[in-house]
Amino acid sequence: MNALIQRYTARERSNHWVVAIAFVLAALSGLALFHPAFFFLTHLFGGGTWTRILHPFIGVLMFLFFMAMAARFWGFNRITPADRQWMKRIGDVLCNRDQNLPELGKYNAGQKLLFWVMVVSLPLLLLSGIVIWQPWFAPSFPIGLLRLAVVIHALAAWVMILGIIVHVYAAIWVKGTIRAMTRGTVSAAWAKHHHRAWYREMTGK
Amino acid sequence: MALQSLDITARSATTTPSPSARGEAVKVAKLIDISKCIGCKACQVACMQWNDLRDEVGTNVGVYDNPRDLTDQSWTVMRFSEVEVEAGRLEWLIRKDGCMHCADPGCLKACPAPGAIVQYANGIVDFHEENCIGCGYCITGCPFNIPRISKKDNKAYKCTLCSDRVAVGLEPACVKICPTGAIVFGSKDDMIHHAEGRIEDLKERGYSKAALYDPPGVGGTHVMYVLQHGDQPELYANLPKDPHISPLVGLWKGITKPLMSFGVGLAVFAGFFHYVTAGPKKVEDEEEAKS
């Protein structure tokens with residue numbers, strides 16, 4: 001029987017999944033209004049008008065819960081020299097040549113990068129989203145600002161969606177990872193292999 | 001108004017061809033000769049009456065403009081400008097504002113709801129409110145600041161150029177009512193021809209810069225003005241000199257739309273093919289056993 005190490009508390013996991021569910025709903029409803037090819041997704045939300053009504057509220061929910069999560073994890077996401085080294089060896093990471101990689105703390109540079117992408121893009125999405133929010137706020141902003149806001153909203157959402165696709169894929173790709181967010185624990189071997197500095201800190205070994 | 005369903009050349013948020021079995025139709029246009037307008041607002045009344053609209057009774061704020069702006073209930077308003085082009089010579093320029101029915105409509109380009117905005121083969125740009133989702137993107141796209149969202153139903157409204165009347169061979173209501181003949185309606189070619197005669201007349205009367213307003217930046221419009229001061233359209237309550245769809249809207253609804261969608265698809269496929277080539281990242285069994 002392998003030893004398990006606690007990675008996330010129940011509270012942290014719940015917080016993560018609220019953000020994740022809100023993201024899926026916001027992304028599907030946002031894509032529906034972005035390109036006609038995705039307009040059929042409005043059916044999931046009760047039609048075009050309901051999609052327009054619900055999308056901003058889902059977005060605000062995601063923003064609030066992500067900010068709570070960001071406050072929790074802020075300290076673990078500072079970029080270190082080991083992260084730069086890891087980024088330089090991204091080829092080894094992708095080809096599973098893990099023996100060439102430096103020792104890492106709780107997160108690797110990819111995870112940290114996603115964190116900072118979210119920290120930057122979510123406030124941008126919130127602010128630009130308020131500017132174009134019909135019928136509550138949009139009428140009080142000048143048209144020039146509305147035009148800028150729609151472009152910022154689309155770009156920030158796109159970057160975030162790409163980031164989340166990589167995030168989800170990485171969780172599937174790196175075996176033994178998903179249980180960290182479903183059960184809260186990872187195997188000691190997993191921790192030692194992928195995040196050795198964090199493993200030492202947790203076990204004292 | 002969904003009357004000319006076979007005569008559609010463009011449909012919002014639609015990537016396949018629109019119903020076009022009838023082929024080419026005669027392009028129509030409304031010509032508004034500002035030099036003939038006396039500001040009686042009969043056009044506003046006719047518009048209200050034909051379209052069965054009743055705006056709220058506003059308050060007098062000391063200018064002739066009434067209502068003060070376009071609304072979901074007022075699809076056309078007279079805008080009064082007092083200007084002195086030559087010092088000491090006051091001119092009262094009265095422009096009937098409303099949808100210009102652009103050949104390249106920014107509202108249609110920006111609209112995300114399939115079929116909420118259509119362009120008929122005759123050039124009329126029409127909103128089909130039953131498909132409107134109330135997002136306000138048409139407002140973002142319009143170079144003339146025309147569409148208004150109703151506070152009652154959150155749908156966008158604007159001048160239809162009386163597409164329902166035109167479909168059965170009648171002229172728009174404002175054209176029918178105009179007591180001075182300042183508003184005329186017909187084929188776009190005929191209206192341009194008519195305007196040329198008016199411009200010649202105005203030039204003889206000392207308006208050397210008289211010109212037709214049919215801005216090429218939006219592909220020309222199906223509502224045109226004869227301006228006494230054609231070189232300064234801004235005099236007429238800020239009529240834009242060179243209107244065009246904002247480059248930001250062009251960026252948003254142009255190249256980014258397919259490119260970003262493609263990027264999202266590519267990311268998903270890249271992940272899938274990485275998995276089936278490089279394979280999963282596993283912690284080996286012996287490592288598991290050691291720990």
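Can you pull out the residues in region A:25-45 that are more than 9 Å from chain B (Cβ to nearest Cβ), touching a Leu at 6+ places or on another chain (Cβ under 8 Å) and closer than 23 Å to B:Glu129 by Cβ?
Answer for region A:25-45, where residues must be more than 9 Å from chain B (Cβ to nearest Cβ), touching a Leu at 6+ places or on another chain (Cβ under 8 Å) and closer than 23 Å to B:Glu129 by Cβ: A:Ser29, A:Leu41, A:Phe45.
For the list (1) among the hydrophobic types (A, V, I, L, M, F, W, C); (2) surrounded by 14 or more Cβ atoms within 10 Å (Cβ to Cβ); (3) over 17 Å from the mean Cα position of the chain (by Cα), I need the number of the one condition that B:Val168 fails.
B:Val168 satisfies every listed condition except (2).
Restricting attention to region B:46-64, which residues are surrounded by fewer than 16 Cβ atoms within 10 Å (Cβ to Cβ), over 18 Å from B:Asp164 (Cβ atoms) and of a type outside the set (S, T, N, Q)?
Within region B:46-64, B:Arg54, B:Glu56, B:Val57, B:Gly58, B:Val61, B:Gly62, B:Val63, B:Tyr64 meet the criteria.
Any residue at all in region A:149-164 that is in contact (Cβ under 8 Å) with a residue 24 or more places away in the chain and closer than 22 Å to B:Lys282 by Cα?
So far as region A:149-164 goes, yes, one or more of its residues are in contact (Cβ under 8 Å) with a residue 24 or more places away in the chain and closer than 22 Å to B:Lys282 by Cα.
Answer with yes or no whether A:Ala191 is free of Cβ contacts under 8 Å to residues at least 12 places away in the same chain, more than 8 Å from chain B (Cβ to nearest Cβ) and part of a helix (DSSP H, G or I).
The answer is no for A:Ala191.
What's the number of the only condition in (1) surrounded by fewer than 14 Cβ atoms within 10 Å (Cβ to Cβ); (2) at pLDDT below 95 that A:Phe137 fails to meet?
(2)
Kindly check whether there is at least one residue in region A:103-115 that is at pLDDT 95 or above, closer than 26 Å to B:Cys138 by Cβ and either within 11 Å of chain B (Cβ to nearest Cβ) or crowded, with 16+ Cβ neighbours inside 10 Å (or both).
no
Filter region A:100-129 for residues that are more than 30 Å from A:Met87 (Cα to Cα) and free of Cβ contacts under 8 Å to residues at least 40 places away in the same chain and give the result.
A:Leu127, A:Ser128
Please state which of the following conditions B:Gln44 fails to meet, knowing it meets all the rest: (1) within 14 Å of chain A (Cβ to nearest Cβ); (2) closer than 27 Å to B:Ala210 by Cα; (3) of a type outside the set (Asp, Glu).
(1) is the only condition that B:Gln44 fails.
Which members of region B:236-289 meet the condition of being modelled with pLDDT under 90 and of a type in the set (A, V, I, L, M, F, W, C)?
Hits for region B:236-289 are B:Ile255, B:Val283, B:Ala289.
A quick yes/no check of all residues on (1) facing chain A (nearest Cβ under 10 Å); (2) assigned to a loop (DSSP other than H, G, I, E, B); (3) buried (at least 17 other Cβ atoms within 10 Å of the Cβ):
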{"site": "B:His193", "(1), (2), (3)": "no, no, no"}
{"site": "B:Asp201", "(1), (2), (3)": "no, no, no"}
{"site": "B:Tyr207", "(1), (2), (3)": "no, yes, yes"}
{"site": "B:Tyr225", "(1), (2), (3)": "no, no, yes"}
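Can you name the residue in region B:133-152 that is more than 10 Å from chain A (Cβ to nearest Cβ) and of a type outside the set (A, V, I, L, M, F, W, C) and, of all such residues, is surrounded by the fewest Cβ atoms within 10 Å (Cβ to Cβ)?
Only one residue fits best here, namely B:Lys152.
Any idea which of (1) more than 30 Å from A:Leu28 (Cα to Cα); (2) part of a helix (DSSP H, G or I); (3) β-branched (Val, Ile, Thr) is the one B:Thr277 doesn't satisfy?
If we test B:Thr277 against (1) more than 30 Å from A:Leu28 (Cα to Cα); (2) part of a helix (DSSP H, G or I); (3) β-branched (Val, Ile, Thr), just (1) comes out false.
Looking at the structure I just gave you, is B:Val283 more than 14 Å from chain A (Cβ to nearest Cβ), farther than 30 Å from B:Glu86 by Cβ and of a type in the set (A, V, I, L, M)?
no
Of a type in the set (Phe, Trp, Tyr), assigned to a helix (DSSP H, G or I) and under 16 Å from A:Ala20 (Cβ atoms): is that true of A:Tyr169 in this structure?
yes
Taking into account only those residues within region A:49-69 that are without any contact (Cβ under 8 Å) to a residue 12 or more places away in the chain and not polar (S, T, N, Q), which is surrounded by the most Cβ atoms within 10 Å (Cβ to Cβ)?
Checked region A:49-69; the qualifying residue surrounded by the most Cβ atoms within 10 Å (Cβ to Cβ) is A:Ile53.
Tell me, please, whether a residue that is more than 14 Å from chain B (Cβ to nearest Cβ), touching a helix residue (DSSP H, G or I) at 6+ places or on another chain (Cβ under 7 Å), buried (at least 16 other Cβ atoms within 10 Å of the Cβ) and polar (S, T, N, Q) can be found in region A:8-17.
Yes: one or more hits.
Considering each of B:Val125, B:Val118 in turn, give the residue that is touching a His at 6+ places or on another chain (Cβ under 9 Å) and more than 21 Å from B:Pro240 (Cα to Cα).
Result: B:Val118 is the single residue among B:Val125, B:Val118 that is touching a His at 6+ places or on another chain (Cβ under 9 Å) and more than 21 Å from B:Pro240 (Cα to Cα).
Within region A:70-93, is even one residue over 23 Å from A:Ser121 (Cβ atoms) and in contact with a strand residue (DSSP E or B) (Cβ under 9 Å, 6 or more places away or on another chain)?
Within region A:70-93 (the criterion being over 23 Å from A:Ser121 (Cβ atoms) and in contact with a strand residue (DSSP E or B) (Cβ under 9 Å, 6 or more places away or on another chain)), the answer is yes, since at least one residue qualifies.
Would you confirm, using the coordinates I've provided, whether A:His195 is closer than 16 Å to A:Leu4 by Cα and out of contact with any Ser or Thr (no Cβ under 6 Å at 6 or more places or on another chain)?
The answer is yes for A:His195.
Got at least one residue in region B:92-114 being free of Cβ contacts under 8 Å to residues at least 60 places away in the same chain and surrounded by fewer than 18 Cβ atoms within 10 Å (Cβ to Cβ)?
Yes, region B:92-114 has at least one match.
Any residue at all in region B:280-287 that's under 30 Å from B:Lys96 (Cβ atoms), of a type in the set (A, V, I, L, M) and not in a helix (DSSP H, G or I)?
Checked region B:280-287: no residue is under 30 Å from B:Lys96 (Cβ atoms), of a type in the set (A, V, I, L, M) and not in a helix (DSSP H, G or I).
Take B:Asn122 and decide whether it is more than 14 Å from chain A (Cβ to nearest Cβ), farther than 30 Å from B:Glu86 by Cα and in a loop (DSSP other than H, G, I, E, B).
In short, yes.
The values are calculated or read from the model by the stated rules, or taken from the named source; none is laboratory data. This structure is a prediction, so every number in the text was calculated from the model and none was measured. Cβ: placed from backbone, ideal geometry, glycine included. Neighbour counts: every protein chain shown.
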